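The values are calculated or read from the model by the stated rules, or taken from the named source; none is laboratory data. Everything numeric here is computed off the predicted structure, so don't read it as measured data. Note: ideal-geometry Cβ built from the backbone for every residue, glycine included; neighbour counts use all protein chains shown. Side chains included, ligands, DNA and RNA excluded: accessible areas come from the protein's heavy atoms. Shrake-Rupley method; radii C 1.70, N 1.55, O 1.52, S 1.80 Å.
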Amino acid sequence: MIEEKIWQCVESLKEEDCYQDYLEASHALEQHAELLYEYKHQKEKYLEMKAYEKYQDLSSLRQQVLSLGKEVEALTDYQRYHQAKNALDVRLQALSDLIFDGLVQTNGGGNCAGHCGEI
């Protein structure tokens, strides 16, 4: 029974603008998959090698990671994706707060107001 209501909520959320914007932004970002992969790969390589930095020069690799990072951050699709993701996160947090507040009130707890000091 509760699972059915949760799925109804999920389906309703999928119809909201914040979710639709997120999907569109996510799909638009896919056209930059090669650049994103290269950035992720080089960054992981740099972080892996960083422990050995005093034994070898990583300045070239560091510069490559910084350059790729700037290129990724400059992408309009990347910026749009993060804005859409943040908006969706805010909506999901609001839903979580609503559920949590309902549970606290049901159990006789006070209003959490995000601090949970009264539980």
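Taking label points 7 Å from Cα along the Cα-to-Cβ direction, residue 67 and residue 97 give a separation of 4.4 nm. In order along segment 12-19, the Karplus-derived 3J(HN,Hα) couplings, from 6.51 cos²θ - 1.76 cosθ + 1.60 at θ = phi - 60°, round to 5, 4, 4, 8, 6, 4, 4, 6 Hz, and Gly and Pro are given as x.
For segment 30-44, backbone phi angles converted through the Karplus equation (6.51, -1.76, 1.60; θ = phi - 60°) give residue-by-residue couplings of 4, 5, 10, 4, 5, 5, 5, 5, 4, 4, 4, 4, 5, 5, 4 Hz, Gly and Pro being listed as x.
For the chain, with the dipole built from +1 on Lys and Arg beta-carbon atoms and -1 on Asp and Glu ones, taken about the Cα centre, which of 104, 18, 63 lies farthest toward the positive end? Of the options given, the answer is 63.
Averaged over its residues, the chain has an accessible area of 77 Å² per residue, based on protein heavy atoms and a 1.4 Å probe. Is segment 13-60 best put as rounded, prolate or oblate by its Cα gyration tensor, with a ≥ b ≥ c the root eigenvalues, rounded for a/c under 1.5, and otherwise prolate when a/b is larger than b/c, oblate when not? It is prolate, given that a/c is not under 1.5 and a/b is the larger ratio.
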